[in-house]
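*Asks:* Below: one structure in structure tokens.
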Ligand SMILES: Nc1nc2c(ncn2[C@@H]2O[C@H](COP(=O)(O)OP(=O)(O)OP(=O)(O)O)[C@@H](O)[C@H]2O)c(=O)[nH]1
Ligand SMILES: [Mg+2]
Ligand SMILES: [Zn+2]
């Protein structure tokens with residue numbers, strides 16, 4: 001190894017990193033680099049359109065690798081799947097949070113609102129910077145946010161497409177003689193700003209946050225995993241956000257009967273359901289989806305079927321706007337409070353009391369959800385969330401369910417993310433009692 005190559009293992013680099021694409025763990029100096037010379041198209045794992053990946057032997061004075069034709073390479077990739085990994089991931093520990101739930105349970109809408117809200121709230125209220133690690137990799141999510149929150153015509157109905165099990169949300173890679181799909185990660189850098197109480201320790205506290213948007217079908221029991229381990233992040237995850245959708249539960253629907261005008265709360269006739277792209281009135285056994293997902297987590301982590309998982313579990317009861325009448329006592333204001341001069345924290349006591357209220361509601365309507373969650377983790381929190389704050393309406397032309405951007409009022413959409421950051425890291429977000 002030449003002198004410059006040793007800079008790759010300088011102290012600022014982590015000793016081991018986890019690939020956000022295939023979850024392979026490797027040492028930074030085993031990373032491959034991405035060639036830039038125009039003659040070096042074609043990679044054995046990624047196909048003819050990708051630039052070749054190579055192990056470097058020569059570096060320039062800036063520490064960038066030179067490809068076999070002398071092109072300056074600045075980007076690095078995973079040695080197993082060859083997909084690109086932003087440079088920051090070699091320096092900052094990665095936190096993976098997984099969003100899971102039935103088809104149509106509200107995962108993609110929640111992801112869009114969660115990020116939109118987090119981008120506004122973290123810098124202004126918690127003195128944390130929150131930025132895309134790489135805008136190209138996050139393009140799909142940025143498009144979701146723009147559709148919802150930055151529409152040209154805020155009065156026009158807009159919607160997010162159902163997440164597919166194949167297509168442009170996945171990378172196709174050839175590994176071990178097999179072509180598999182890997183879900184594209186969304187990556188963010190998070191760290192203290194100069195006003196944060198621990199600004200002096202910014203480099204040690206900063207993290208890369210990694211999220212995915214899966215299709216609900218990929219979580220169904222018996223889902224075909226031959227296309228690829230598309231839910232493999234579950235086993236690496238620090239926090240699981242399980243989206244429980246009350247509108248898909250007949251007992252919840254009847255409890256809301258006459259109270260909610262949300263089209264999803266209406267029990268559709270089978271014939272309507274089949275012809276309706278809005279998929280209202282669908283019913284699914286959501287506790288089995290959670291249990292199946294956790295079996296995958298346990299298999300991935302080598303745990304027995306009765307062992308509790310390492311990460312925290314948040315059961316997010318989605319579409320809060322459509323069932324709020326069932327728990328009129330909950331204060332919808334965000335559960336943040338000043339915990340000292342210039343310091344905002346999460347009001348943990350309020351989160352716990354809301355969790356207790358939501359848990360007892362679930363206990364009354366679908367007790368199996370509560371037992372499934374408690375069998376999985378010792379630290380379950382139940383949380384109401386609404387990505388939109390309003391019911392969708394049916395677009396007369398397409399039959400799709402859509403919302404008008406002007407009406408969007410996300411409620412607690414970012415709270416699961418902030419809570420998970422607070423619990424799974426130290427020093428970034430404080431948990432405490434208001435002063
Ligand atoms: N009332 C209400 N409806 C919502 C909310 N969030 C999402 N929806 C509706 O729920 C439906 C499904 O939402 P998605 O986010 O696409 O669901 P998903 O879990 O990503 O579904 P798949 O991609 O199929 O796995 C959409 O028609 C939305 O209009 C919400 O906060 N309130
Ligand atoms: Mg989706
Ligand atoms: Zn990889």
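The values are calculated or read from the model by the stated rules, or taken from the named source; none is laboratory data. Note that the coordinates shown come from a computational prediction; the quantities given were computed from them, not determined experimentally. Quick reminder, even Gly has a Cβ in these numbers, built from the backbone with ideal geometry, and neighbours come from all protein chains shown.
*Asks:* Residue by residue through segment 87-97, note down the ones that are more than 18 Å from residue 235 (Cα to Cα) and surrounded by fewer than 20 Cβ atoms within 10 Å (Cβ to Cβ).
*Replies:* Within segment 87-97, 87, 88, 90, 91 qualify.
*Asks:* Assess whether residue 426 counts as being touching a strand residue (DSSP E or B) at 6+ places or on another chain (Cβ under 8 Å), in the same structural domain as residue 189 (by TED's automatic domain parsing) and modelled with pLDDT under 95.
*Replies:* Spelling it out, it is not the case that residue 426 is touching a strand residue (DSSP E or B) at 6+ places or on another chain (Cβ under 8 Å), in the same structural domain as residue 189 (by TED's automatic domain parsing) and modelled with pLDDT under 95.
*Asks:* Looking at (1) more than 21 Å from residue 18 (Cα to Cα); (2) crowded, with 22+ Cβ neighbours inside 10 Å; (3) touching a helix residue (DSSP H, G or I) at 6+ places or on another chain (Cβ under 9 Å), which is the one condition that is false for residue 59?
*Replies:* Unmet for residue 59, out of (1) more than 21 Å from residue 18 (Cα to Cα); (2) crowded, with 22+ Cβ neighbours inside 10 Å; (3) touching a helix residue (DSSP H, G or I) at 6+ places or on another chain (Cβ under 9 Å): (2).
*Asks:* Restricting to segment 168-186, and then to whatever is surrounded by fewer than 15 Cβ atoms within 10 Å (Cβ to Cβ) and touching a strand residue (DSSP E or B) at 6+ places or on another chain (Cβ under 8 Å), can you tell me which residue is farthest from residue 137 (Cα to Cα)?
*Replies:* Going through the qualifying residues, I end up with 179.
*Asks:* Within the set of pairs 6+ apart or on separate chains, which have a first residue in segment 17-35 that is in contact (Cβ under 8 Å) with a residue 60 or more places away in the chain, a second that is within 16 Å of ligand 1 (Cβ to nearest atom), and C-beta atoms under 7 Å apart?
*Replies:* 23/233
*Asks:* If you go through segment 372-390, how many residues are in a helix (DSSP H, G or I) and either touching a residue at least 40 places away in the same chain (Cβ under 8 Å) or not assigned by TED's automatic domain parsing to the domain that holds residue 355 (or both)?
*Replies:* Total meeting the criteria: 2.
*Asks:* Of everything in segment 250-264, what is touching a residue at least 40 places away in the same chain (Cβ under 8 Å) and either surrounded by 13 or more Cβ atoms within 10 Å (Cβ to Cβ) or touching a strand residue (DSSP E or B) at 6+ places or on another chain (Cβ under 7 Å) (or both)? Give them in sequence order.
*Replies:* 252, 255, 256, 259, 260, 262, 263, 264
*Asks:* Let me ask something else about it. Identify, from the list 393, 397, 414, the residue that is assigned by TED's automatic domain parsing to the domain that holds residue 197, in contact with a strand residue (DSSP E or B) (Cβ under 9 Å, 6 or more places away or on another chain) and either more than 21 Å from residue 297 (Cβ to Cβ) or crowded, with 21+ Cβ neighbours inside 10 Å (or both).
*Replies:* 393
*Asks:* Any idea which of 220, 187, 169 is touching a residue at least 60 places away in the same chain (Cβ under 8 Å) and closer than 30 Å to residue 79 by Cα?
*Replies:* 187
*Asks:* Are any residues in segment 397-430 over 27 Å from residue 351 (Cβ atoms) and assigned to a loop (DSSP other than H, G, I, E, B), and if so, which ones?
*Replies:* Result: 397, 398, 399, 400, 404.
*Asks:* Then there's this: Quick check on this structure: which one of 131, 202, 135 is in contact with a strand residue (DSSP E or B) (Cβ under 9 Å, 6 or more places away or on another chain), modelled with pLDDT under 95 and either outside the structural domain of residue 21 (by TED's automatic domain parsing) or buried (at least 20 other Cβ atoms within 10 Å of the Cβ) (or both)?
*Replies:* Checking each option against the conditions leaves just 202.
*Asks:* Assess whether residue 234 counts as being in contact (Cβ under 8 Å) with a residue 40 or more places away in the chain, more than 10 Å from ligand 1 (Cβ to nearest atom), outside any strand (DSSP E or B) and surrounded by fewer than 20 Cβ atoms within 10 Å (Cβ to Cβ).
*Replies:* No; evaluated as a whole, the condition is false for this residue.
*Asks:* Shifting gears a bit: Is there a residue being at pLDDT below 90, touching a helix residue (DSSP H, G or I) at 6+ places or on another chain (Cβ under 7 Å), in a helix (DSSP H, G or I) and surrounded by 18 or more Cβ atoms within 10 Å (Cβ to Cβ) anywhere in segment 265-285?
*Replies:* yes
*Asks:* Could you pull out the residue among 12, 7 that is in contact with a strand residue (DSSP E or B) (Cβ under 9 Å, 6 or more places away or on another chain), farther than 21 Å from residue 173 by Cα, surrounded by fewer than 18 Cβ atoms within 10 Å (Cβ to Cβ) and at pLDDT below 95?
*Replies:* After applying the criteria, what remains is 7.
*Asks:* May I pose another question? How many of the residues making up segment 199-221 are more than 17 Å from residue 107 (Cα to Cα) and touching a helix residue (DSSP H, G or I) at 6+ places or on another chain (Cβ under 6 Å)?
*Replies:* 2
*Asks:* So, one more: Please work out if residue 220 is under 15 Å from residue 103 (Cβ atoms) and within 14 Å of ligand 1 (Cβ to nearest atom).
*Replies:* So residue 220 passes the test.
*Asks:* What number of residues within segment 70-104 satisfy the criterion of being on the phi > 0 side of the Ramachandran plot and either touching a strand residue (DSSP E or B) at 6+ places or on another chain (Cβ under 7 Å) or more than 16 Å from ligand 1 (Cβ to nearest atom) (or both)?
*Replies:* 3
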